[in-house]
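Below is one structure, written out as structure tokens; comments come after it.
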Amino acid sequence: MASNGTRNEAAYAARTPASRAHFERARATLPQGVGARGKYLSPHPLYVRSGSGSRIEDVDGNEYLDLHLASGCLILGHAHPAVQEAVTRQLQRGLALGLATELEAELAERVTKHMPHVERLRYATTGSEATNMAVRVARAYTGRSRVAKFEGHFHGHAHDALLASTANVAGTKADPLPAHESAGLGRNPASELLLLSPDDCEATIERIVANAHDLAAVILEPAPLNSMPTLAPDPELISRLRDVTTKHGVLLIFDEVFTCFRLGLGGGSARFGVRPDLVALGKVIGGGLPLAAFGGRADVMDATLGVGEPAPDQPRSIFQSGTFSGHPLALAAGLATLTELERSDPYAELERKAEAIRLGLADVCERLGIAASASSVGSHFQIYFGVEGPIRDRRTILGSDRAFQREFCLGMICGGVYWTPGSGALVSTAHSAADAERVIETAGDVLAEQVEYMELRVSPDGVRKNIRR
């Protein structure tokens, strides 16, 4: 009997011949046929022509209910009229103006209004750049070199030391070791990194105290929706991190590239009631255009980014600049997005939609006898197969049936719902209650067919097991 993966891949290939043709052309000049790794999909990427509201259309003319939303950038959905109008209006004034514009301070003031802990900020182009610069600020300010991160948390591709233990793990849960996932890194990036376990609060605090003398910062995603979409955030851990870092002079960095304006206007800081020293912001802040920012305490930012001259015996000033940092088109899109979020206050409704989908997915799996863990945080939801209960660390995710999950996502795509394999899914203000019902209905159809070939059923003794035919 053919495997479900073969069947779903064949169905996907049959549905997307124009994407396949674009892929054959593109891979002559682009590695993997795409401009960035995150766009790759096997057996070939989906090439998209347009987006409107909660829908995207591929080059074959197929329409999809989009649960990807440009990796979470589009909280208002595709081509929101207010954002389109703001960008068009700014476009008439020029493209890259190359000098300061009034939009820079306008957006910064609006961010500070909702995130008072961001007393100063600087613009960047990508979230990876923003986290990198936040770490550089912390090192310059403290005069220390090492940075602590949590196993499984993702902080972008631009920082050698932090590009570790995101997808893979090493060592034990009690004593995690850096697992670097890229060639071309510096000679010994692991020496700059202290790795922490997100599922062991006491061990985490002990590790920080033992290494505080050379720790510049602890960086984390307050809700790691970008890297581990079903991980239940731990408010107690976040609170204790604030206490221990303050006591030992270590800066606390919140990587809110994904959660900025998605968990609420105040982000993770407001949601968990903890004020970090520095933050990295991205995705929603640019309204669908390339924009990110890093910032935080005024004394830290001013000391490292050039208010007056640095003292000769304590040179804290860092260099940060970028031709496209604070691009006026991106600032206009970000301002329009923030204005709409302020006006409509959609967060409770977004959470209701995501939670409705989670409950629907859980019901489908229960009815079919499928072992699964479905969770939602804010407007974000995810499901893993072959595991049950809350997902608390990357090691549990690695123990799930990722092949089954990939085939599920391919089946959803073939059913007209775009859900990126291996990634979480999101809803926007453009997604309706009917859209949520469609996700659940399509998932039910896909899973009912899938378990005939790749089973995750309840065994006679009541223990859920992964059984493949």
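The values are calculated or read from the model by the stated rules, or taken from the named source; none is laboratory data. Small disclaimer: the values here were computed from a predicted structure and weren't measured. Using ideal geometry, Cβ is built from the backbone for each residue, glycine included, and neighbour counts are taken over all protein chains shown. Surface accessibility is based on the protein's heavy atoms, side chains included, excluding ligands, DNA and RNA. Shrake-Rupley method; radii C 1.70, N 1.55, O 1.52, S 1.80 Å.
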Open item on the list: One quarter of the convex hull surface, Cα atoms only: what value does that give for region 265-411 in nm²?
Closed with: 13.4
- [ ] Give me the accessible area per residue for region 228-292, probe 1.4 Å, as a whole number in Å².
- [x] 28
Task: Neighbourhood net charge (12 Å Cβ-Cβ; Lys/Arg +1, Asp/Glu -1) for Leu65 - done: -4
Task: Rounded if a/c under 1.5, otherwise prolate or oblate - region 1-133, Cα gyration tensor axes - done: prolate
Task: Label-point separation in nm, Glu342 to Ala433, each point 7 Å along Cα→Cβ - done: 3.1
Task: Kirkwood Rh in Å, taken over all unlike Cα pairs in region 41-97 - done: 13.0
Task: aspartates and glutamates whose Cα lies under 18 Å from that of Lys247, excluding same-chain neighbours fewer than 8 positions away - done: Glu202, Glu206, Asp214, Glu236, Asp277, Asp299
Task: Residues Ser42 and Ser145, FRET efficiency given R0 of 30 Å [Cβ-Cβ distance, rounded to 0.05] - done: 0.15
- [ ] Return the aspartates and glutamates within reach of Lys113: Cα separation strictly under 12 angstrom, same-chain partners fewer than 8 residues apart disregarded; answer none if there are no such residues.
- [x] Glu342
- [ ] Can you tell me the equivalent ellipsoid semi-axes for region 352-454? Use √(5λ) from the Cα gyration tensor, largest first, whole Å.
- [x] 19, 16, 12
- [ ] Would you calculate the separation in nanometres between label points at Gln84 and Asp175, each defined as 7 Å from the Cα along the Cα-to-beta-carbon direction?
- [x] 5.9
TODO: Arrange the peptides 149-155, 382-388, 278-284 so that the one whose residues have, on average, the most other Cβ atoms within 10 Å appears first.
DONE: 278-284, 149-155, 382-388
Open item on the list: Between Glu452 and Glu57, what is 0.36 nm times their sequence separation minus the Cα-Cα distance? Round to one decimal in nm.
Closed with: 139.2 nm
Task: Peptide ranges 119-130, 18-29, 258-269, 390-401 listed from the most packed, as the mean C-beta count within 10 angstrom indicates - done: 258-269, 119-130, 390-401, 18-29
TODO: Provide the FRET efficiency to the nearest 0.05 for the Leu359-Thr29 pair, computing r from the beta carbons and using R0 = 41 Å.
DONE: 0.35
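Heavy atoms only, 1.4 Å probe, whole protein assembly: order Leu329, Leu426 by accessible area, highest first.
Leu329, Leu426
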Task: Paramagnetic label zone (point 7 Å from Cα along Cα-to-C-beta, Ile318; backbone N under 19 Å) in region 133-156 - done: 133-150, 154-156
- [ ] Could you please put Lys113, Lys353, Lys247 in sequence from largest to smallest accessible area, using a 1.4 Å probe?
- [x] Lys247, Lys113, Lys353
